[in-house]
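Heads up: the structure comes next, in structure tokens.
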């Protein structure tokens with residue numbers, strides 16, 4: 001067995017094109033020594049037996065301090081309550097309070113929220129609407145396990161993207177049914193047709209919202225090519241059993257696939273991003 005040790009981070013992804021599976025790498029970080037992350041090619045491990053052994057130790061992904069519990073995917077409680085990236089407006093951008101002068105970290109907000117964002121349609125477990133920064137495409141779609149995605153609006157800041165998303169949520173969900181996504185029970189859909197129908201349905205509301213916002217704040221994206229995404233999966237599970245490192249410190253199984261931020265083993269699935277900051281030994285058969 002080959003063994004690596006370190007603190008988990010969200011898996012790194014690389015997208016080439018619609019016919020090449022996304023390439024995944026597992027990242028393991030040793031905050032105490034400040035070493036460069038270890039990067040393990042997961043696609044090469046398909047069909048091999050993996051062992052993830054949790055060492056009962058968590059270090060905050062932001063400050064590095066030891067924590068007894070993880071908040072918001074790897075943060076200690078002080079960072080969870082202090083950082084702008086953990087504020088409620090990250091999950092609900094329409095609740096942005098930057099203009100009120102109450103942002104937890106104004107410079108962070110300026111760098112991450114006061115810049116161009118996209119509103120998109122995606123097909124991960126069926127059609128959904130979402131938002132993301134431009135520099136997060138197609139990473140955001142991959143992390144959600146989408147097989148198809150289409151950018152439909154470009155807006156000048158995160159708050160405006162939240163207003164557009166709220167509008168579209170009257171007709172379609174902003175959630176992914178993760179179990180359905182992991183079973184591979186997702187049929188291809190015509191996102192371009194759905195976008196035409198949705199824009200026609202919301203035409204008056206879109207026009208009104210655009211008029212209320214600063215000039216040029218919202219731009220419709222025309223003639224955008226739909227992105228199609230293929231994942232490295234040998235076999236999808238018929239039933240989805242999810243591993244939780246807080247309850248089961250040892251996870252073992254043959255790697256059958258990778259989708260979203262999940263490893264799909266023949267014994268169950270594990271959301272790697274959920275356990276960011278957890279200190280583990282990662283082993284695989286050579």
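The values are calculated or read from the model by the stated rules, or taken from the named source; none is laboratory data. On a predicted model such as this, the values are computed, not experimentally measured, just so you know. As a convention, Cβ positions derive from the backbone with ideal geometry for all residues, glycine included, and neighbour counts pool all protein chains shown.
Can you tell me which residue in region 30-43 is surrounded by the fewest Cβ atoms within 10 Å (Cβ to Cβ), limited to those that are closer than 23 Å to residue 60 by Cα and at pLDDT 95 or above? My answer is 39. Residues that are buried (at least 21 other Cβ atoms within 10 Å of the Cβ) and in a helix (DSSP H, G or I) within region 133-148 comprise 141, 142, listed in sequence order. Taking the criterion of being surrounded by fewer than 16 Cβ atoms within 10 Å (Cβ to Cβ) and at pLDDT 95 or above, the residues of region 50-65 that qualify are 55, 56, 57. Checked across region 149-168, the condition of being modelled with pLDDT of 95 or more, surrounded by fewer than 21 Cβ atoms within 10 Å (Cβ to Cβ), on the phi > 0 side of the Ramachandran plot and not in a strand (DSSP E or B) holds for no residue. For residue 124, the requirement of being touching a helix residue (DSSP H, G or I) at 6+ places or on another chain (Cβ under 7 Å), buried (at least 21 other Cβ atoms within 10 Å of the Cβ) and not assigned by TED's automatic domain parsing to the domain that holds residue 256 is met. Taking region 1-29, which residues are in a loop (DSSP other than H, G, I, E, B) and at pLDDT 95 or above? If the condition is that a residue be in a loop (DSSP other than H, G, I, E, B) and at pLDDT 95 or above, then 9, 10, 11, 15, 16, 17, 18, 19, 20, 21, 22 are the ones that fit. For region 204-218, the count of residues that are under 30 Å from residue 11 (Cβ atoms) and surrounded by fewer than 18 Cβ atoms within 10 Å (Cβ to Cβ) is zero. Might you let me know whether region 148-169 holds any residue that is touching a residue at least 24 places away in the same chain (Cβ under 8 Å), within 13 Å of the chain's Cα centre (by Cα) and over 27 Å from residue 98 (Cα atoms)? Scanning region 148-169, I find no residue that is touching a residue at least 24 places away in the same chain (Cβ under 8 Å), within 13 Å of the chain's Cα centre (by Cα) and over 27 Å from residue 98 (Cα atoms), so the answer is no.
Inclusion of residue 8 among residues that are in contact with a helix residue (DSSP H, G or I) (Cβ under 9 Å, 6 or more places away or on another chain), in the same structural domain as residue 276 (by TED's automatic domain parsing), within 29 Å of residue 146 (Cβ to Cβ) and surrounded by 14 or more Cβ atoms within 10 Å (Cβ to Cβ) is warranted.
For (1) touching a residue at least 24 places away in the same chain (Cβ under 8 Å); (2) within 30 Å of residue 270 (Cα to Cα); (3) in contact with a helix residue (DSSP H, G or I) (Cβ under 6 Å, 6 or more places away or on another chain), each residue gets a yes or a no:
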position: 180; (1), (2), (3): yes, yes, no
position: 192; (1), (2), (3): yes, no, no
position: 195; (1), (2), (3): yes, no, no
position: 200; (1), (2), (3): no, no, no
position: 206; (1), (2), (3): yes, no, no
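In the list 184, 257, which residue meets the criterion of being at pLDDT below 95, surrounded by 12 or more Cβ atoms within 10 Å (Cβ to Cβ) and closer than 30 Å to residue 281 by Cα? So the residue among 184, 257 that is at pLDDT below 95, surrounded by 12 or more Cβ atoms within 10 Å (Cβ to Cβ) and closer than 30 Å to residue 281 by Cα is 184.
Tally time: how many residues in region 86-105 are more than 26 Å from residue 206 (Cα to Cα), surrounded by fewer than 17 Cβ atoms within 10 Å (Cβ to Cβ) and touching a residue at least 12 places away in the same chain (Cβ under 8 Å)? Residues in region 86-105 being more than 26 Å from residue 206 (Cα to Cα), surrounded by fewer than 17 Cβ atoms within 10 Å (Cβ to Cβ) and touching a residue at least 12 places away in the same chain (Cβ under 8 Å): 2 in total.
Which residue, of 238, 208, is outside the structural domain of residue 47 (by TED's automatic domain parsing) and over 30 Å from residue 80 (Cα atoms)? The match here is 208.
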